[in-house]
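The values are calculated or read from the model by the stated rules, or taken from the named source; none is laboratory data. Nothing here was measured: the structure is a model prediction, and the numbers come from that model. Because the Cβ atoms are built from the backbone with ideal geometry, glycine has one as well, and the counts that use them run over all protein chains shown. Keep in mind that these areas ignore ligands, DNA and RNA; they rest on the heavy atoms of the full protein, side chains included. Shrake-Rupley method; radii C 1.70, N 1.55, O 1.52, S 1.80 Å.
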Amino acid sequence: MKCVDDFRLRLGKHELVPIMVGGMGVDISTVALSLEAARLGGIGHISDAMVPTVTDRRFNTKFVKDKLKQYKFNVENADKSVVKFDLDILAEATRLHVGSAMDAKKGDGLIFINCMEKLTMNAPKETLRVRMQTAMDAGIDGITLAAGLHLGSFSLIEDHPRFRDVKLGIIVSSLRALQLFLKKSSRTGRLPDYVVVEGPLAGGHLGFGMDWAQYDLATIVAEIRAWMQAEQLDIPLIPAGGIFTGSDAVGFLENGAGAVQVATRFTVTRECGLPEKVQQEYFKATEDDIEVNQLSPTGYPMRMIKSCPAIGDGIRPNCEAYGYLLDANGSCSYIQAYNREVAAHPGERRIKVMDKTCLCTHMRNFDCWTCGQYTYRLKDTTRRNEDGSYQILSAEHVFKDYQFSKDGKVALPD
Ligand SMILES: Cc1cc2nc3c(=O)[nH]c(=O)nc-3n(C[C@H](O)[C@H](O)[C@H](O)COP(=O)(O)O)c2cc1C
């Protein structure tokens, strides 16, 4: 019986423990979590979601306050198209965020950044270009393209001196998405260094419709693998979504995967950004407490714990301070949903918005409890404290459990 440690992922000159901790915005996969994954010889991710907001919290910068001051005149206005990100400030925040990770990195592993195309920021191309280029300037080891098809993303960075040296990968949920990406990117003369294949049990946004339950990760991976072999493409495949034990991971590695990407198990670690109160909610969740809904303004289905404060909350859109999901026309489907409810309930102080959520505000405040399907199994990965709460784990414990466990077992903490 094998364990994950019997395998290695080769990426260029690097030989890695084949465990990649997936990106979790907004600052759920923290710098601290990514550092642990790298120290232990695997790959960690930071996220590029709402970085100016994250640096304010981590480094006492005042990016959000300054942006709100600049656009305060527009707060009552339903049209948010004037609210723009200053690209120099976005670069400064990214430099701080990525630089703090790379300066502190120890060990043989790597730190990548998860870049979401759906983070459109009222100027999709310009802001994505700045986020990716600045991350490369700041020494990031790799960029994982997420939440979108990224048909033009390689072109946005092809002039960067590190374009051929930085590791570049993409997350796909179907062969079709991968084929489209490769076709569109081929003119840059560069293939991705790895492909994350994310199935329907993952956390965050899903690359499936509301019929997600009809899909299965192993089947999608096998289909992509067969096509890549036929095309003689030798790119490591990294399955993700519902890989809960070391043995689950070994199953994929024995079938030719280069590594696995995992996230849910790390949401209840000390290094993860979720506040402990929220982590206890993740531990307590039962299978019935978890749903896939369409509340995200991105248009992608998202998995959440049903009792989270974000669901149904009718907060006023906060785009002057945040505005990360404003599309190229400066609009967001939450704004429309909110305005509709305000018009339908004149004079009411607290309205409810049931069909969309203000994702920026709620992710910023850790009130949108997005999660993987197997969150309901987290309670079986730890011990109870005397007061009934669950013991928070260390990232090292979870990482090593994936690396060394056999027989479908999960090691409990000491
Ligand atoms: C709390 C949470 C937040 C996530 N946020 C993101 C994200 O911002 N971008 C992204 O590409 N994937 C995101 N994901 C997906 C993970 O990176 C990963 O691919 C997936 O959850 C792996 O499946 P597992 O959680 O069952 O291990 C998130 C997952 C979780 C659990």
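Before moving on, here are some points about what is shown:
- In region 136-158, residue farthest from the ligand (Cβ to nearest atom) [restricted to those that are buried (at least 19 other Cβ atoms within 10 Å of the Cβ) and in a loop (DSSP other than H, G, I, E, B)]: 138
- Those helices (runs of 4 or more DSSP H) of region 1-103 in which at least 3 residues are among the small types (Gly, Ala, Ser), open to solvent by less than 10 Å² (accessible area, probe 1.4 Å) and under 26 Å from residue 370 (Cβ atoms), considering only elements entirely within it, cover 31-39.
- The set of residues in region 102-122 being within 16 Å of the ligand (Cβ to nearest atom) and either touching a residue at least 60 places away in the same chain (Cβ under 8 Å) or touching a Lys or Arg at 6+ places or on another chain (Cβ under 9 Å) (or both) consists of 110, 111, 112, 113, 114, 115, 116, 118, 119, 120, 121.
- Region 322-337, residues that are surrounded by fewer than 21 Cβ atoms within 10 Å (Cβ to Cβ) and over 16 Å from residue 124 (Cβ atoms): 336, 337
- Of the strands (runs of 3 or more DSSP E) contained entirely in region 168-276, those carrying at least 2 residues that are free of Cβ contacts under 8 Å to residues at least 60 places away in the same chain and either surrounded by 21 or more Cβ atoms within 10 Å (Cβ to Cβ) or more than 10 Å from the ligand (Cβ to nearest atom) (or both) fall at 194-198, 237-240.
- Only one of the numbered conditions (1) within 16 Å of the ligand (Cβ to nearest atom); (2) surrounded by fewer than 21 Cβ atoms within 10 Å (Cβ to Cβ); (3) in a helix (DSSP H, G or I) is not met by residue 133, and that is (1).
- Just one of the listed residues (377, 350) is at pLDDT 95 or above and either in a helix (DSSP H, G or I) or away from the ligand (no atom under 16 Å from the Cβ) (or both), namely 377.
- The residues of region 7-29 that are more than 7 Å from the ligand (Cβ to nearest atom) and either in contact with a helix residue (DSSP H, G or I) (Cβ under 7 Å, 6 or more places away or on another chain) or among the aromatic types (Phe, Trp, Tyr) (or both), listed by number, are 7, 17, 18, 19, 21, 26, 27.
- If you filter region 104-123 down to residues that are out of contact with any Ser or Thr (no Cβ under 6 Å at 6 or more places or on another chain) and outside any loop (DSSP other than H, G, I, E, B), you find that the one that is nearest to residue 20 (Cα to Cα) is 110.
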